[in-house]
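Chemist: Got a structure here, written out as structure tokens. Questions coming.
Just so it is clear, none of the values below were taken in a lab; they were calculated from the coordinates. Please read these numbers as outputs of a predicted model, since none were measured by experiment. Every residue, glycine as well, gets a Cβ built from its backbone with ideal geometry; the counts of neighbours run over all protein chains shown.
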């Protein structure tokens, strides 16, 4: 039985990943900002025979991340999945309207959640990951790629691109410890962000992400994948 840590576990892709790993018989530590409000996750935990537990984490708060890591103690972590995310405020072109101080504040928060947070959590769980020779997968976006042919999405694109570079650096630094690290574009998914007309369901995305994680090795560590296993242009 592998030990799986998932952030953003209460909805969308994160929740679908929780269900996928529980169905596979793994031990899942599910983290989100407000577990007391995650009713579906709680129901799943109640029927998991102890294989799923719910925990609180705020990816913009270093103290919260340290407290989350303390829950694991010295338990080896086979997979760390950074799924928690936010849009980061305004998404339209600068030509539509200028950014305000409120918009810039939202951008800074997005950096904390999407770029710094996953690094902080990987650092906090590093002994656990090394003990298992584990894997770190961070959910990114095609918008992080320089091949993305559209404007706007300044905060989201910048923070996801920054996260990709951070994960590549971790992959290089942790290879000698046997820990593989990668980023993944989850597809255009029917979530709160993607909307109901997106191309794939959270379940399809989660199945693809899990398959990619299963195939991760030290040789392809540092890659930016698509949910279907292909490499994404970066």
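Chemist: How big is the antiparallel share of DSSP beta bridges in the chain, given as a percent to the nearest 5?
Modeler: 5
Chemist: Can you pull the one-decimal nm distance between simple spin-label points at residue 231 and residue 63, each 7 Å off the Cα toward Cβ?
Modeler: For the pair residue 231/residue 63, the computed spacing is 4.4 nm.
Chemist: Further question: At a 10 Å Cβ-Cβ cut-off, how would you order 7, 39, fewest neighbours first?
Modeler: 39, 7
Chemist: Relative contact order for the chain: what percent, with Cα pairs under 8 Å and sequence separation of 6 or more?
Modeler: With pairs under 8 Å counted, the relative contact order is 19 percent.
Chemist: Still on this structure, I have one more. Can you show me the helix-derived [θ] at 222 nm for the chain, built from DSSP H runs with n ≥ 4 at -39,500 (n - 2.57) apiece and divided by the number of residues, rounded to the nearest 500.
Modeler: Numbers: 8 runs with 92 residues, N = 234.
Result for the chain: -12000 deg cm²/dmol, rounded to the nearest 500.
Chemist: Next up: Separation of the stretch 102-163 and the stretch 9-83 by C-alpha centroid, Å?
Modeler: Taking the Cα centre of each part, the stretch 102-163 and the stretch 9-83 sit 18 Å apart.
Chemist: Now, a different point. What is the diffusion coefficient of the stretch 37-103 in µm²/s, taking the Kirkwood radius over Cα pairs and the Stokes-Einstein relation at 37 °C with a viscosity of 0.692 mPa s?
Modeler: Once the numbers are plugged in, D ends up at 210 µm²/s.
Chemist: Quick one: go through the stretch 1-35 and flag any residue whose amide nitrogen is under 16 Å from the point 7 Å out along the Cα-to-Cβ line of residue 51.
Modeler: Counting backbone N atoms under 16 Å from the label point, the list is 1-6, 16-30.
Chemist: So, one more: Neighbouring Cβ atoms within 10 Å as the yardstick, rank 101, 199 fewest first.
Modeler: If I rank by nearby Cβ atoms, fewest first, I get 101, 199.
Chemist: Let me ask something else about it. Using a Gaussian network model on the chain with a 10 Å cutoff between Cα atoms, which of 202, 98, 118 fluctuates the most?
Modeler: Maximum fluctuation in the GNM of the chain, among the listed residues, is at 98.
Chemist: Another question, if that's okay. Hey, with R₀ at 45 Å, roughly what FRET efficiency would residue 102 and residue 74 work out to, going by the Cβ-Cβ distance, to 0.05?
Modeler: 0.60
Chemist: Can you put 166, 189 in order of Cβ neighbours within 10 angstrom, beginning with the fewest? Spell out each step's value before the answer.
Modeler: Numbers: 166 19, 189 23.
Placing the least packed residue first, the sequence is 166, 189.
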